[in-house]
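The values are calculated or read from the model by the stated rules, or taken from the named source; none is laboratory data. For clarity, every value in this text was computed on a predicted model and none was experimentally measured. Neighbour counts are summed over all protein chains in view; Cβ atoms, including those assigned to glycine, are modelled from backbone coordinates with ideal geometry.
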Amino acid sequence: MSGARGKERYVAAFDFGTGGGRCAIFDLAGRRVGLGYRPWRYRQPDPADPSVREFDPALFWAELCQALAEARQQAGVEASQIAAVSATGQREGIVLLDEAGRELYAGPNIDYRGRDGNRWLAEHLGEEIYRRSGHWPEGFFAPGRLWWLRQRAPELFQRARHLLTIPDWILFRLSGAAVSEPTAAVETLLWDLETSAWNTSLLARLEIPPHLCPPLATAGRVVGRVTEEAARQTGLAPGTPVVAGGADTQCALLGAGVLDPGSTGVVSGTTTPIQLVTARPVLDPRRRTWTCPHLLPGRWVVEANARLTGLVFRWLRDSFYGGLDPRAAEELMLEEAESAGAGAGGTFAFLGPVISCASAPQPERSLLWGLRPEREGGRARGQVVRAFLENIAYAVRANVELAELIGGLVNTRVVLTGGGSRHPLLPRLVAAVLGRSITVAAESESAALGAAICAAAGAGCYPDLKAAAAAMVQPGRSVSPEEISPGGRGEGKEAFSGPEAARSGSSAGAGGDWQEYQELYRRWRKLYDELYLAGNRLELGLRPL
């Protein structure tokens, strides 16, 4: 490859997201030098049930290989310079392999074919499963899908020999090694918090063959080498070390430097999980949150999830700004959202983000409260976008406080990362609504960076994951609550001094003050409770308002 970068060494990381696949290349200081991306679409094999989704493993693997080629081209890196490769990806997606390693079934995290089986599990074994796995059975988890396959495709089920999560499957494609990493394995409900091993008693009760669960390999461990076949497909050098990465959210924590108790990571992507680091596994008696291992030994996380955020943002973009290039559409969305001002003209959005309650049905109603387009002179579109972004910030605060309540910590250091962290307005909204300064991670592709850190440790470039993270995670920038106001010093403040702000003559028209957001949050919480909790009187147990 022309223009190669001397003799420097690099690490590569695959990231299998819900909306597409990435491959990133980083140097050993954590600087991203190349990135390739491929969007993808899932199959719906049953027209009568659109909740059933699959993906073509050969096609998606080819797309990932193309993403790697694009990343290498950008970076100008020879295959021989890549010291190791690792992988991360969506957490609840699974792949079943037969004895020869051929894919029998490949389902993403949005495949809900197992919802009936998982509902039965919740009713009959929910308490035990939550206590042992830290997760309440929901429609997308593996046991319900296995039950569905056993009932609807018994021959396929009988041929299955390995159950792999998405990151595990990428490692298998690279090396031929069938292993599972704990932060990904816990998302099958079959990994045991108490023993840090597969839950053999639950496997027996659910009649799941134990051979489906592969050996465990912790993050940063070399699990194999790039095979000759994988080298031809990817362009990597044969024999390159293949290193266990982990689930995308925990890899994002590692890549954002969220390592120690007292730190909370907000990973703003298709969904927005909020993970608080703890020194031991902490379960919620009311089963509102998940409990998961961290990538670092001796670290755990309490997770509250705001659910759909980036997916709804893209829906707003495509629905209200159709016909524009996506980048141009998002720039216009920001401009109009800035002009809408704090409180979005009295509009509150309930369009996706929620307060976490894993064991209760998620709110099904979406609505805009208080929108009066006939009075706003055509500004309603920007108000809807502003209200939605404020909805994300309100849900982030509620979930941060919920995780802190369960974890027994207060005023934790909050780090925002993921695609939403690149947004000029959202970080300022999150800081203003929280009423405290936050850190925006230096690398928005923090899940890929986390997997790259695992690769660097596995290659022996650093003695362990913590040392690799210390060397490869660059300092983020601080965003204070005051930066939401017209006089704030934050990124994007110029938008607050435009013609709309001058005409309004008020802080509300130009973005508002962070203290205003404390009252707006209280109003949002009151509406949320009345809209979604009044029917079943579910008590969230958040701090008094």
For the stretch 215-226, give me each residue that is assigned to a loop (DSSP other than H, G, I, E, B), surrounded by 21 or more Cβ atoms within 10 Å (Cβ to Cβ) and more than 24 Å from the chain's Cα centre (by Cα).
Val226
Name the one entry in Val396, Val415, Val440 that is on the phi < 0 side of the Ramachandran plot, at pLDDT 95 or above, outside the structural domain of Arg280 (by TED's automatic domain parsing) and in contact with a strand residue (DSSP E or B) (Cβ under 9 Å, 6 or more places away or on another chain).
Val440
Criterion: of a type in the set (D, E, K, R), crowded, with 21+ Cβ neighbours inside 10 Å and modelled with pLDDT of 95 or more - qualifying residue of Glu92, Glu54:
Glu92
Quick one: which helices (runs of 4 or more DSSP H) sit completely within the stretch 101-186 and have at least 3 residues that are in the same structural domain as Thr234 (by TED's automatic domain parsing), under 30 Å from Arg225 (Cβ atoms) and not acidic (Asp, Glu)?
166-175, 182-185
Members of the stretch 450-470 found to be in a helix (DSSP H, G or I) and free of Cβ contacts under 8 Å to residues at least 12 places away in the same chain, listed by number
Ala467, Ala470
Any hit, the stretch 471-478, residues being on the phi > 0 side of the Ramachandran plot, not in a strand (DSSP E or B) and not acidic (Asp, Glu)
no
Of all residues in the stretch 408-420, which are crowded, with 24+ Cβ neighbours inside 10 Å and either out of contact with any Gly (no Cβ under 9 Å at 6 or more places or on another chain) or assigned to a loop (DSSP other than H, G, I, E, B) (or both)?
Gly418
Among the residues of the stretch 372-388 satisfying the criterion of being crowded, with 23+ Cβ neighbours inside 10 Å and touching a residue at least 60 places away in the same chain (Cβ under 8 Å), which is farthest from Phe348 (Cα to Cα)?
Val385
With closer than 16 Å to Gly246 by Cα, in contact with a strand residue (DSSP E or B) (Cβ under 9 Å, 6 or more places away or on another chain) and surrounded by 21 or more Cβ atoms within 10 Å (Cβ to Cβ) as the only criterion, which of Ser180, Ser196 stands out?
Ser180
Just to verify a result, which residue in the stretch 238-248, among those that are touching a Ser or Thr at 6+ places or on another chain (Cβ under 8 Å) and touching a residue at least 40 places away in the same chain (Cβ under 8 Å), is surrounded by the most Cβ atoms within 10 Å (Cβ to Cβ)?
Gly245
Which of the residues belonging to the stretch 187-208 are part of a loop (DSSP other than H, G, I, E, B) and not aliphatic (A, V, I, L, M)?
Glu194, Thr195, Ser196, Asn199, Glu207
Please specify each residue of the stretch 33-51 satisfying the condition of being charged (D, E, K, R) and either within 19 Å of the chain's Cα centre (by Cα) or surrounded by 20 or more Cβ atoms within 10 Å (Cβ to Cβ) (or both).
Arg38, Arg41
